[in-house]
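Heads up, the thing below is written out as structure tokens.
The values are calculated or read from the model by the stated rules, or taken from the named source; none is laboratory data. Predicted model, so just to flag it, every value in this text is computed and none were measured. For neighbour counting, all protein chains shown are included, and Cβ atoms are generated from backbone atoms with ideal geometry for every residue, glycine included. For the accessible areas, the whole protein counts, side chains as well, though only heavy atoms, and no ligand, DNA or RNA atoms are used. Shrake-Rupley method; radii C 1.70, N 1.55, O 1.52, S 1.80 Å.
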Amino acid sequence: PDVDTENPDLPLVAVLRGMTGTDGAQVSLFRQIHHGSLHRRGYRSTIHKAAMKESLAAGLLLNAEWHKQCREQLKNHQSSDPLILVDPMAGSGTLLLEGMFMAADVAPHVLRLKCGVQPPAAHQFPPITRWKHDDDIRGLWRELLLEASQKAKNGLNYLRGSPSGDKPIYFIANDFHSGAMDLLQESMEKAGVYDLVKIHENDCRDFVPFDSMENAPSARPWTVVSNPPWGVRLTEDITESWESLRVFLRETCPERSVAHVLSGNAQATKHLGLRRSASLPIQVGTVQMRWIQYHMQKPEPRQFERRETKDKPSKEKEFRNQKPFSTPPSSAVRPVLRRNGQFSRVAIAPTGRPQSAPAHKPKKK
């Protein structure tokens, strides 16, 4: 048959699961309504060896409720301080860029068109528009595309702020490696957002987003997102990197700031010396990771040490707090002495009616 392999009318995707053996493997066949992988936004010319997929970054930001903060800021930005999104170990900047496009309400497909992902015809009219429909599906697609393009334009203008330089949201990136910062600048220029991210090139422990905290544009706590090296794709200076991140989080971030850190190494996260507020397990391929949330506090060192020892329960208390029975909370068991001198157990059912258990006869000597 005559099939255009670059732009087919009915693209199919086969997914193979399982291992060959006694149980065999399973193949799932999917009909694809779009062209290409949606995680490819189009703004990357060169991919960093440890780069995160754009779709994963967007999902992590949704879990961090960054989109809710952005919506609230859009409603009240004229009467509230600006938001600040910081990545102290930005790498090629995937988390920061996805956070920016989420704040501006830029649809991924609009980015693909803007950045010139090939073939352009496939993205102007995806495969689903070429199937048989009763309605004018192409006309509907044009309307949706026009609406999304206008939203993206308005959103980016909103992020650029007023002519006086005041912005509703500040995006700040830092990385020690100049090559990673070059990749971030290339992506920003390709997406047309080179003026929306403030870039620093410092060691994380020496990184200060503003000239001084007094000159910060906002008194609000920061939102920190980061994907530090933890030993899979980047294997050098892991301990030093996490120690530097610890210094930044505990000594530079304002109180009540919230940090979200991705890690696939439980030993590496211990270098932060912070108590996590939440942890989301994530599996990418065969790699198990955690998206960990930390709330920044700045207690005095003595109070911090005293709190650590105070909050740690003793083995006796841990044993005492354990429930001795696996009986559901809605029921209870109590011993009852019968007239014949034998003990029996009476279970109190959720309805409140007692249900007698078999009597326990004393053992014969």
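Summary of computed values
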item: Single residue of the range 170-195 satisfying the filter (in a helix (DSSP H, G or I) and touching a strand residue (DSSP E or B) at 6+ places or on another chain (Cβ under 9 Å)) that is farthest from Met89 (Cα to Cα); result: Met188
item: Breaking point among (1) in contact with a Leu (Cβ under 6 Å, 6 or more places away or on another chain); (2) of a type in the set (A, V, I, L, M); (3) over 30 Å from Glu240 (Cα atoms), for Val193; result: (1)
item: Test: Lys167 is open to solvent by 30 Å² or more (accessible area, probe 1.4 Å), closer than 28 Å to Pro108 by Cβ, of a type in the set (D, E, K, R) and without any contact (Cβ under 8 Å) to a residue 60 or more places away in the chain; result: no
item: Residues of the range 66-117 classified as within 14 Å of Ala173 (Cβ to Cβ) and either open to solvent by 20 Å² or more (accessible area, probe 1.4 Å) or not charged (D, E, K, R) (or both), total; result: 15
item: Filter result for Phe210 (touching a helix residue (DSSP H, G or I) at 6+ places or on another chain (Cβ under 6 Å) and closer than 21 Å to Ser257 by Cβ); result: no
item: Failed item, numbered, when Thr223 is tested on (1) modelled with pLDDT under 90; (2) within 21 Å of the chain's Cα centre (by Cα); result: (1)
item: Contacts under 6 angstrom Cβ, first residue in the range 27-39 being farther than 13 Å from Ile128 by Cα, partner acidic (Asp, Glu), 6 or more apart; result: His39/Glu54
item: Residue tally, condition part of a loop (DSSP other than H, G, I, E, B) and either at pLDDT 90 or above or surrounded by 13 or more Cβ atoms within 10 Å (Cβ to Cβ) (or both), over the range 196-220; result: 12
item: Any hit, the range 31-41, residues being open to solvent by 10 Å² or more (accessible area, probe 1.4 Å), among the small types (Gly, Ala, Ser) and more than 26 Å from Asn215 (Cα to Cα); result: yes
item: Some residue of the range 45-64 being open to solvent by 20 Å² or more (accessible area, probe 1.4 Å), closer than 21 Å to Pro217 by Cβ and at pLDDT 85 or above; result: no
item: Residue match in the range 133-140 (condition: of a type in the set (A, V, I, L, M), out of contact with any strand residue (DSSP E or B) (no Cβ under 9 Å at 6 or more places or on another chain) and farther than 30 Å from Val86 by Cα); result: yes
item: Filter result (open to solvent by less than 50 Å² (accessible area, probe 1.4 Å) and under 30 Å from Ala219 (Cβ atoms)) within the range 171-190; result: Phe171, Ile172, Ala173, Asn174, Asp175, Met181, Leu184, Met188
item: Flag if Gln124 is over 22 Å from the mean Cα position of the chain (by Cα) and modelled with pLDDT of 90 or more; result: no
item: Selection from the range 254-273 of residues that are assigned to a loop (DSSP other than H, G, I, E, B), modelled with pLDDT under 90 and in contact with a strand residue (DSSP E or B) (Cβ under 7 Å, 6 or more places away or on another chain); result: Gly264
item: Conditions (1) over 26 Å from the mean Cα position of the chain (by Cα); (2) within 19 Å of Ala180 (Cα to Cα); number of the one not met by Leu29; result: (2)
item: Sole residue being part of a helix (DSSP H, G or I), closer than 16 Å to Tyr158 by Cβ and over 18 Å from the mean Cα position of the chain (by Cα), chosen from Gln69, Gln73, Gln78; result: Gln73
item: Any pair with Cβ under 6 angstrom, 6 or more apart, that starts in the range 288-307 at a residue that is in a loop (DSSP other than H, G, I, E, B) and crowded, with 18+ Cβ neighbours inside 10 Å and ends at one that is of a type in the set (Gly, Ala, Ser) and modelled with pLDDT of 90 or more; result: Met296/Ser257
